[in-house]
Structures are given as C-alpha cells and as structure tokens.
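Below you'll find the structure, written out as structure tokens, and then a few comments.
Derivation of every value follows stated rules applied to the coordinates shown; laboratory data play no part. For clarity, every value in this text was computed on a predicted model and none was experimentally measured. With ideal geometry, Cβ positions are generated from the backbone for all residues, glycine too; neighbour counts draw on all protein chains shown.
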4 protein chains.
Amino acid sequence: MQVIIDLCIIPMGVGVSVSTYIAACEKILQEAGLTHRLHAYGTNVEGEWDDVFAAVKRCHEEVHRLGAPRISTNIRVGTRTDREQTGADKVRSVEKKI
Amino acid sequence: MQVIIDLCIIPMGVGVSVSTYIAACEKILQEAGLTHRLHAYGTNVEGEWDDVFAAVKRCHEEVHRLGAPRISTNIRVGTRTDREQTGADKVRSVEKKI
Amino acid sequence: MQVIIDLCIIPMGVGVSVSTYIAACEKILQEAGLTHRLHAYGTNVEGEWDDVFAAVKRCHEEVHRLGAPRISTNIRVGTRTDREQTGADKVRSVEKKI
Amino acid sequence: MQVIIDLCIIPMGVGVSVSTYIAACEKILQEAGLTHRLHAYGTNVEGEWDDVFAAVKRCHEEVHRLGAPRISTNIRVGTRTDREQTGADKVRSVEKKI
C-alpha cells in the first residue's frame, strides 16, 4: 500500500530551536530512499507504508537519542485505492485549476 | 518504545456519514488489545509503537475494504523517555491544575 | 457557522511538563462558555466559529504570557451544512455501530 | 501576533477528487494578500493572526458554497515571541544543517 504522509516532528524539552533535530530526520528520510520534500511546517514523504512508518519510528528514536526527552508529532496520512497519485501529481492537479 | 497516539481517520468518496468506518476501526483497536478511548474528533490509543502502528495500518486496509477509495488520516504521536505516562495520567495532571 | 474543533496546544521552550499551560487554556474555554471536553491528546471544543477561534487566540496569548516563547498547535476543524451535530452526537453515532 | 499555519482542508461528501475546492481556497489566500505556498499535503500561510484565520473561515464558507456538505480541516499553528521568523527562514535553518 503506497502512502503519502506529511510529517511534523516537535521535540519538547530542548528549548525553542529545533532545526538540528529536524535536519537529523531529513537525513533519515534521505537514507531510507524515500521521496521527501521539506516545507515550512513539515515534510512530505512518499513510499510503501511499511518503509515510510519504519522511517518515522527511526526519526523518533534518533530525536530522543539526540537529547529530546519528549516528542509530539503530527502526521497526515493519505492512501487511495482508486488510482496511483504522487505528491507532485497532487500539487499539479490543484495548480492547473487556480 | 511506548506511544500515545490520537487517531482521526477520514474516509473520502463515501458521502458525509462515516460512522460505520470509524466503528470498524474501533473494533480493530479492541481486537488488538490496545488501550483506546473514542472522543468526538478521534481516538486515543496507547501501546507499544509497533503494535499501535500495525493497528493503524489495519484500519486503513479495512476502511478501503469496506468501500472507501480514499482516506486522509491525522495522527498525533507522543513518545517520551523521561518517564512513563499513560493517557489517563496526562488528563489527571491537567485536571488537578484547573 | 457552528464548528467542532479538537485543540492540541504544545508549548515549546518550557521543559517537558506542560500541564500548567494546558490547564490555563481549559480555564479560557470554560470562561468563554464553550462546550469543551479534555482528553489525553487534546480538547474537543464546540460553538460558533468566531467564538471558538477567539478562544484559541486567547489560549496562544495566555500561554505566551505564562512564559512559553514558542507554541505549535494542532487543530482539527469540522463544519457541516447538511445537519446539526454535536460532539456527543458524533460519539453516539459511532458507539451504536460497534 | 504573527502566525505561520499549515492548512489542510478536506471536503467530504463530494467524491475522491477535491482539487477544485483546494484551488478555490488558494485563490482566497491569494486575494487576502497572505504569503502562502502549496505543497502536496497542505498549504503554508503566514500573516497576522486575525487575517490568517479570517481567510481560513472564508475557505470553509467557500468550500461549502461550492457544494461540499461537510469539511474536516487540519491546521498546524505556530507562534513565537522570542523572535521573528518566516516560513522561508524555518526551511533555511533546517537545510543548512542537513
């Protein structure tokens, strides 16, 4: 089952600056070979369900390992069975109607 | 790694009434033996990370099987390494300060 | 326009324990006269759109005033024009199908 | 109070294809003069709190007017008092650490 998620990881208990933790997660997504794109409030990630959620788990493990005692993440998860659609397809289908 | 999530599954392409799909997901959480509590905009679920996310995947599979061609889910995911804390603990720690 | 939201406010830069801030927000919702119910990963809030979002803004202002330099909130927002439905109605419509 | 939100509007009861509705919301954000950027699972929007949430309300009103009887939206809301930071700043602060 293919999935497109949007992942927003919030490390808590480490002060207001969290970019080091987010950068570590981007590296995990990169190493996992998943299509991913950072934006100002999260990261789009695409792939097989198990691969994507294994990477999300590794992100939590790594952010804890780097020193964050608490994490609160928000994930949007999209699946569909009617047809294949990439994140880039989703953006294009909106943009051509604006 | 223990996790508390809040799961909000939105079946798309099946009309405005989605309670049948949500009830099917509640049964999956029940059968998985996970602590869970339904509220008006999602369900709190607690357990081991792999057990919880395996149940989330089964929910998506079942909602598709029941006829929804598209699903958009929102999940909040909380983990912490400083101490153990259940969902009931979280509610109590707020309520005693109100 | 009536709205049901689920509000999850995450104060950042104040350590791992945030129940004081959440309790302050519960008081704001109470004083605003909005129907609200705390759960383990947020709070259901119901009312007129403008009243509900005015209260959300006051929560952000109050959490900052109490000392949190940064806040990341997640809100689910439900509106419908086909019929009136309270949060309690939503829960009942699922529970009777389980 | 400046705010950066990420807005994900899900029209329900209108079938699986929702790009027409999302495009209508993009136009509302554009006409509101708000900095905004579409991605594959939402739209980053920046501005003054009241302007941003007035636009979110107009999006709900317009999506209903276009025929969707039910909407379930997810919004991430970020405010901070320690310093000014745009969405582009947030992306750069992560990218330079990858």
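Across the identical copies, the label point of B:Asp51 (7 Å from Cα in the Cβ direction) is separated from its matches by 2.9, 4.2, 5.0 nm, in order from shortest.
Do any cysteines of chain D lack a neighbour Cys whose Cβ is under 4.7 Å away, and which are they? Singleton cysteines: D:Cys8. Of all residues in chain B, the one whose Cβ lies closest to the rotation axis carrying B onto C, together with that distance in whole Å, is B:His39, 2. Between copies, A:Ile98 shows label-point distances of 2.1, 4.2, 4.2 nm, shortest first, with the point placed 7 angstrom from Cα along Cα to C-beta. Region B:19-98 and region A:17-70 have Cα centres separated by 21 Å. Per the Kirkwood formula applied to alpha carbons, region A:23-69 shows a radius of gyration over Rh ratio, Rg over Rh, of 0.96. Cross-link pairs exceeding 20 Å between alpha carbons, from the set A:Lys27/A:Lys57; C:Lys27/C:Lys90; A:Lys27/D:Lys96; C:Lys57/D:Lys90; A:Lys57/C:Lys90; A:Lys96/D:Lys57: C:Lys27/C:Lys90; C:Lys57/D:Lys90; A:Lys57/C:Lys90; A:Lys96/D:Lys57. When the label point is put 7 Å from the Cα of A:Val16 along its Cα-to-beta-carbon vector, which residues of region D:55-84 have a backbone N closer than 17 Å? Zone members listed by number: D:77-84.
Can you run the Rg to Rh ratio on the protein assembly as shown? Use alpha carbon positions and the Kirkwood inverse-distance Rh. Walk me through the numbers before you get to the answer.
On the way: Rg = 19.2 Å, Rh = 20.9 Å.
Value, to two decimals: 0.92.
For chain C, the relative contact order comes to 43 percent (Cα pairs under 8 Å, sequence separation of at least 6). Between this copy and the others, label points of C:Gly15 are 1.8, 5.3, 5.6 nm apart in ascending order, each placed 7 angstrom from Cα in the Cβ direction. Placing a label point 7 Å from the Cα of C:Leu66 along the Cα-to-Cβ line, the residues of region D:74-90 whose backbone N sits under 20 Å from it are D:77-82.
Give me Rg over Rh for region A:38-98, both radii from the alpha carbons and Rh done the Kirkwood way, two decimal places. Kindly include the intermediate steps, with their values, before the conclusion.
Working: Rg = 14.9 Å, Rh = 14.0 Å.
For region A:38-98, the value is 1.06.
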